[in-house]
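A quick write-up on the structure given underneath.
The values are calculated or read from the model by the stated rules, or taken from the named source; none is laboratory data. In this text, all values refer to a predicted model and were calculated from it rather than measured experimentally. Here the Cβ positions follow ideal geometry from the backbone for every residue, glycine too, while neighbour counts run over all protein chains shown.
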Amino acid sequence: MDEVGLTVPPDAGAVSAAELRERVGQHLVFSIGRGATAARLADWRLALSYAIRDRIVVPWFQTAERINAADRKRVYYLSMEFLIGRLLDDAVANLGLESAAREAMAGLGVDYDALVRDEPDAALGNGGLGRLAACFLDSMSAVGVAGLGYGIRYDHGLFRQSFEAGWQAEEAEDWLAQPHPWEFERPEASFPIGFGGSVGPGAGDAGAWHPAETVIAVAYDTPVPGWQGRWVNTLRLWSAKPTREFELQAFNRGDFLGAATPAVLAETISRVLYPDDSTPQGRELRLKQEYFFTAASIRDILQRFERRHGDLAALPDKVAIQLNDTHPAIAGPELIRLLVDERGLAFDAAFDIARGCLHYTNHTLLPEALERWPAELLGRVLPCHLEIVERIDARHARESAAAGRPSDDGTAILGDGEVRMGTLAFVAARRVNGVSALHTRLMQETVFGGLHALHPERIVNQTNGVTPRRWLHGCNPPLRALLQEAIGDGWVADLDRLEALVPLADDAAFRERFAAAKRANKVRLAPWLAEQAGIELAPETLLDVQIKRFHEYKRQLLNLLETVALWNAMRQAPEVDWTPRVKVFGGKAAPGYRMAKLIIKLINDVARTVNDDPAVRGRLQVAFPPNYNVSMAERLIPAADLSEQISTAGLEASGTGNMKLALNGALTVGTLDGANVEIRDRVGEENIFIFGLTAEEVARRRAEGYAPAACIAASPRLAEAVEQIASGRFSPDEPERFRAIVEDLRGHDRFLVCADFEAYWQRQRAIDAAWRDRAAWTRSAVLNVARCGWFSSDRAIRGYAKEIWNAETEF
Ligand code: GP0
């Protein structure tokens, strides 16, 4: 910095509104190339973003210098998905520049909030898994871990959802249509990545891989500022480029299309995010994506290590690599390949080094979600890696036999012509973790039982968390202001301090102000909800939200059946003083997931019927705003009164939306699944509405041969709702439309919707009653906020740093 004569700006937060305003003006003219009179909203947004980014760059350099000077152990978080959302407001808040930014823009005649909303969401993820990675990035900077996130810079993130006559339609998302102001392209940080070809013999343990095709991985770096800008890590995303832009020979022959083909094929690799959540499609392109970003990252990691260290045996002391699910599980074979084939180590030494660095997070036990690649496909795309996988498997078999385990205990990596990526990730990892206490226990007892017996120290728990910067400070200004007055702002970096609210739950004046903050959020939401879903939200109405991906195990259908039954009950007893509710659904279905898409259509059909019915006007409304994403979550969560977390017990690994909603004062109606169990343990049984079968009971019911018909017969309410759906009450234009849903409910009901229906209904009526005692409700809501500090991702990251990575935290 000094060498180029640049004066280092003072503290990130120390910039005045006047100075910031001047910087915005300069960027508008000199970076965007536009004058103030011609500037559109997007131009102003870009100008402000560049001006804010300028404040991050020097602390970013300083962080790197600190890490290098102390030779700190580095933590690499490899993830196929980073669902980061908008960055402007988040950066502004982290730097403490809210009032300066507002004032600067007001001085320029531009509305700051409109600017913030103009930013497209970076939707490089599907749901919980990708959003967790984004929260972890934020927290690694907040607590000062020397962390770096690696992923893919998809040209197109998760599709945009719209409804056509109530059916989900998908459109390509285009977040890079405008310049993305937060990243720096690093053309010099690039690696050739090979695919296919053959393997010849090498020296010693080595093989010599001759790939048939090669693409270039080019890095794009986004700085990730932590709270108060005191630590700035990096998110490095790889983009695929052709080795040669263009086949000039072909072009000169007049073959214009042929000239462009290699480039198009190469760039296909980082073209689009696969929209399947929890259900891998096993496509060749997906395997190439996984290898592409993993191989580039591992090479980058090794290169950075080798620039400062000589002895590869020291790698585990200086490098911790976290694999977010099995998508980057090829990291093990790739690291071993580099050590053996390109550095000359023996296989066993290389394996031990790899296993000293690698750690694997499992996010689900659903059998259909566990990644498996046909060995034939892997051998075709990555022939060298398949050979290494075989050697890893053989070594694992030897370890297994030495420990006296039977050879057929189901823990082989290769079997039935497939490579089991969960097993591969487990075998090559030092630690393997689940994402909630229940999930981790089920890992040990079920899917990973055999491996757990062999390596009883390997599986540990790290319950998920959410960043309080985005999910309380950023999204909930009314509550933030109240907290500031009541307990200061220490909670933003130390969320346990929310506990100071506990005594205030019994203070009527405080409760009033807390309720007023919730009301303010609902008032803020109402015009948007009216515009998006055509419904009217009165602030006294109970706002009930279920926002998450559509999957049968998450049971949006259970919520919908209860909605239909409630509608019936209201119509049958209009004289009753029903508790008014607005039910909000939000979420996307994988484009190929037919049942989930049919459930979306059913919700929209029921919504139309209910919302048009004068008999329930002002009592029951159903809203399904399209295109649920991070920004929509930021609107809905602060306004919600009731959080629906109703998955079949044993199937939701953790959930993180459950934490965000509770932290913003929504009460949970939920099963004893995932982190709901830990939320209950903290907020107390009396401040949460638990219902339904436990994981053990679910397993028992299934073992006994569960038959949903008996549950339907035993519940007239449920029977009536199912019959209405079956007979076309909500689809008079096509009475058979929902036949697949009805047949499944009556005949199979894999996710035990019918078994839990009555318990859920009863709990919902208890909720209706509880809502009427607003003081008691608000008291519970305050206690939810007060006791959810533990669900900060700062706590989770400190746990990973201490118990998994063996890495330091600065703050
Ligand atoms: C789990 F296996 N999750 C998967 C997957 O492919 N995608 C995904 O988003 C989710 C879990 O369903 C979760 O329970 C969990 O909290 C999250 O990963 C992060 O661990 C729902 O949010």
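Structural remarks
- The criterion of at least 1 residues that are of a type in the set (S, T, Y) and over 30 Å from L148 (Cα atoms) is met, among helices (runs of 4 or more DSSP H) falling completely within the range 716-811, by 716-727, 753-772, 774-787.
- Residues of the range 581-621 that turn out to be in contact with a strand residue (DSSP E or B) (Cβ under 8 Å, 6 or more places away or on another chain), more than 29 Å from D276 (Cβ to Cβ) and part of a helix (DSSP H, G or I), as a count: 2
- Residue count, the range 461-492 (criterion: away from the ligand (no atom under 16 Å from the Cβ), touching a residue at least 24 places away in the same chain (Cβ under 8 Å) and part of a helix (DSSP H, G or I)): 12
- Some residue of the range 775-795 being more than 32 Å from the chain's Cα centre (by Cα), in the same structural domain as A695 (by TED's automatic domain parsing) and not polar (S, T, N, Q): yes
- Unmet requirement for L235, which otherwise passes all of (1) surrounded by 22 or more Cβ atoms within 10 Å (Cβ to Cβ); (2) in a loop (DSSP other than H, G, I, E, B): (2)
- Considering (1) touching a strand residue (DSSP E or B) at 6+ places or on another chain (Cβ under 8 Å); (2) at positive phi, the lone condition that R53 does not fulfil carries the number (2).
- Some residue of the range 635-656 being over 27 Å from L132 (Cα atoms), of a type in the set (D, E) and away from the ligand (no atom under 13 Å from the Cβ): no
- Applying the criterion of being out of contact with any strand residue (DSSP E or B) (no Cβ under 7 Å at 6 or more places or on another chain) and assigned to a helix (DSSP H, G or I) to the residues of the range 109-129, the residue that is nearest to the ligand (Cβ to nearest atom) is G128.
- In the range 280-342, counting only helices (runs of 4 or more DSSP H) that sit wholly within it, the ones holding 3 or more residues that are touching a residue at least 12 places away in the same chain (Cβ under 8 Å) and small (G, A, S) span 284-308.
- Taken over the range 180-210, residues that are assigned to a loop (DSSP other than H, G, I, E, B) and modelled with pLDDT under 95 amount to 5.
- The residue that is nearest to the ligand (Cβ to nearest atom), counting only those in the range 413-422 that are crowded, with 22+ Cβ neighbours inside 10 Å and not small (G, A, S), is M421.
- Odd one out for A533, checked against (1) under 30 Å from R617 (Cβ atoms); (2) touching a helix residue (DSSP H, G or I) at 6+ places or on another chain (Cβ under 7 Å): (2)
- Scanning the range 32-67 for residues that are small (G, A, S) and closer than 19 Å to D111 by Cα yields G35, A36, A38, A39, A42, A47, S49, A51.
- Test: residue in the range 250-264 that is β-branched (V, I, T) and surrounded by 17 or more Cβ atoms within 10 Å (Cβ to Cβ): no
- Leading residue by the ranking (surrounded by the most Cβ atoms within 10 Å (Cβ to Cβ)) among those in the range 341-378 that are among the acidic types (D, E) and within 16 Å of the ligand (Cβ to nearest atom): E371
- Applying the set (1) under 26 Å from A17 (Cβ atoms); (2) of a type in the set (A, V, I, L, M); (3) part of a strand (DSSP E or B) to A106 leaves exactly one unmet item: (3).
- Residue in the range 562-580 that is away from the ligand (no atom under 16 Å from the Cβ), part of a helix (DSSP H, G or I), of a type in the set (S, T, Y) and crowded, with 19+ Cβ neighbours inside 10 Å present: yes
- Any hit, the range 423-430, residues being of a type in the set (F, W, Y), within 16 Å of the ligand (Cβ to nearest atom) and in contact (Cβ under 8 Å) with a residue 12 or more places away in the chain: yes
- For the range 688-708, the condition of being under 25 Å from the mean Cα position of the chain (by Cα), within 16 Å of the ligand (Cβ to nearest atom) and either part of a strand (DSSP E or B) or not assigned by TED's automatic domain parsing to the domain that holds F757 (or both) holds for none of the residues.
- The listed residues are L642, L661, and the only one of them that is touching an Asp or Glu at 6+ places or on another chain (Cβ under 7 Å) and within 22 Å of L557 (Cβ to Cβ) turns out to be L642.
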